[in-house]
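Here's the structure we're looking at; comments come further down.
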Amino acid sequence: MSEPVTPSQFALETAVQRRGENLWTAELHAGWRIGAVPNGGYVLAIAGRALSEALPHKDPLAVNAFYLAPTTLGPVECRVELLRAGGNTSHASARLYQDGELKMVVTAAYTTLARLQGPSWSGQARPHFPAWEACVSGGDSGLEFRQRVDIRLVEEAAVFRGGEPSGSGEFRGWVQHADGAPPDAIALLMFADAFPPPVFDVLGVVGWVPTVELTVQLRGLPAPGPLQARLFSKHLTSGVIEEDGEYWDSAGNLVAISRQTAKVRLPRAQ
């Protein structure tokens, strides 16, 4: 008789409970905050898990989230509305509330990723990075979020050591759960918001870069092991920036792409 599988810390801390028709509740846990605010990808993963439990198809295919207000630690409610259930794809929306205030609105298409079939093509080859072990811990290791997520950058960014930004607007490297748990489809929603904002390597590690909107598209179920990630920006316009992400699994398969709209908030002059 096989022994029961112990849920990962990510699974436990994104767990949802059904409380009624179209209503799920969850808890935002410590360990996932950027400053005082829970990471947006972590919050999206909770909504994504509620959608997975509510829909006949269990894997996110395309998920779009608008962040209306910051969340805090503690209980949240997620209300799911089924828009359409097709043979291969289900569409739904989810609204996440905390203390009666609407915090996030999600629209999503769900499918069964293992059953996807058809032609494949890419106009860009997968980049080759040094192995996980050869890369350096990336970003601000003092962030609470780093208790849950391990990030390794291809090159040690001097900007995180008080140096000048390179101006590349790009971070490349690897990411995985800090406890080494294998990634799954719901975890890809969180990992899409895990890397430091690329604008930090343009302007320096200053201010705050809150997410306005995040879209994650999944292309497959990830193999066990760290994810190879590339997050880059090309345009900063009047304080608004886009962040584009590409994510490959340990087997070299493209498993997700993302695009995020964020605002760059610099400290006010004294």
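Counting only residues that are assigned to a loop (DSSP other than H, G, I, E, B), within 19 Å of Leu153 (Cα to Cα) and not small (Gly, Ala, Ser), how many does the stretch 189-223 have?
7
If I go through the stretch 186-212 residue by residue, how many of them are surrounded by 24 or more Cβ atoms within 10 Å (Cβ to Cβ) and of a type in the set (Gly, Ala, Ser)?
So the answer is 3.
Across the stretch 232-270, which residue is surrounded by the fewest Cβ atoms within 10 Å (Cβ to Cβ) among those that are more than 13 Å from Asp193 (Cβ to Cβ) and of a type in the set (Lys, Arg)?
Once the filter is applied, the top-ranked residue is Arg268.
Conditions first: (1) in contact with a Phe, Trp or Tyr (Cβ under 7 Å, 6 or more places away or on another chain); (2) modelled with pLDDT under 95; (3) farther than 16 Å from Gly225 by Cα. Arg152 passes all but one, so which condition is the exception?
(3)
From Pro56, Pro75, grab the single residue that is in contact (Cβ under 8 Å) with a residue 24 or more places away in the chain, farther than 19 Å from Val149 by Cβ and assigned to a loop (DSSP other than H, G, I, E, B).
Pro56
Kindly indicate whether any position in the stretch 189-196 is at pLDDT below 95 and either of a type in the set (Lys, Arg) or farther than 18 Å from Gly245 by Cβ (or both).
no
Consider only pairs whose beta carbons are under 9 Å apart and that are at least six residues apart or on different chains; among these, list those whose first residue lies in the stretch 5-24 and is closer than 15 Å to Leu82 by Cα and whose second residue is basic (Lys, Arg).
What qualifies is Asn22/Arg79; Leu23/Arg79; Trp24/Arg18; Trp24/Arg49; Trp24/Arg79.
Any idea which of (1) under 15 Å from Asp244 (Cα atoms); (2) surrounded by fewer than 16 Cβ atoms within 10 Å (Cβ to Cβ) is the one Gly180 doesn't satisfy?
(1)
Quick check on Ala229: is it part of a loop (DSSP other than H, G, I, E, B) and either crowded, with 22+ Cβ neighbours inside 10 Å or of a type outside the set (Lys, Arg) (or both)?
no
Right, Ile186: touching a Lys or Arg at 6+ places or on another chain (Cβ under 6 Å), in contact (Cβ under 8 Å) with a residue 24 or more places away in the chain and outside any loop (DSSP other than H, G, I, E, B) or not?
The answer is yes for Ile186.
For the stretch 232-270, give me the residue count where each residue is part of a strand (DSSP E or B) and more than 18 Å from the chain's Cα centre (by Cα).
4
Could you tell me whether any residue of the stretch 22-40 is modelled with pLDDT of 95 or more and either in a helix (DSSP H, G or I) or under 19 Å from Leu218 (Cα atoms) (or both)?
yes
So which strands (runs of 3 or more DSSP E) stay within the stretch 80-169 end to end and still have 2 or more residues that are within 22 Å of the chain's Cα centre (by Cα) and without any contact (Cβ under 8 Å) to a residue 24 or more places away in the chain?
Answer list for the stretch 80-169: 90-98.
Residue under question is Gly180, and the condition is that it be part of a loop (DSSP other than H, G, I, E, B) and over 22 Å from Trp32 (Cβ atoms); does it hold?
In short, no.
Can you pull out every residue in the stretch 110-126 that is crowded, with 17+ Cβ neighbours inside 10 Å and farther than 30 Å from Gly74 by Cβ?
Hits for the stretch 110-126 are Thr111, Leu113.
The values are calculated or read from the model by the stated rules, or taken from the named source; none is laboratory data. Since we're looking at a predicted model, the values are computed, not measured. Don't worry about glycine lacking a Cβ; one is built from the backbone with ideal geometry, like all the others, and counts go over all protein chains shown.
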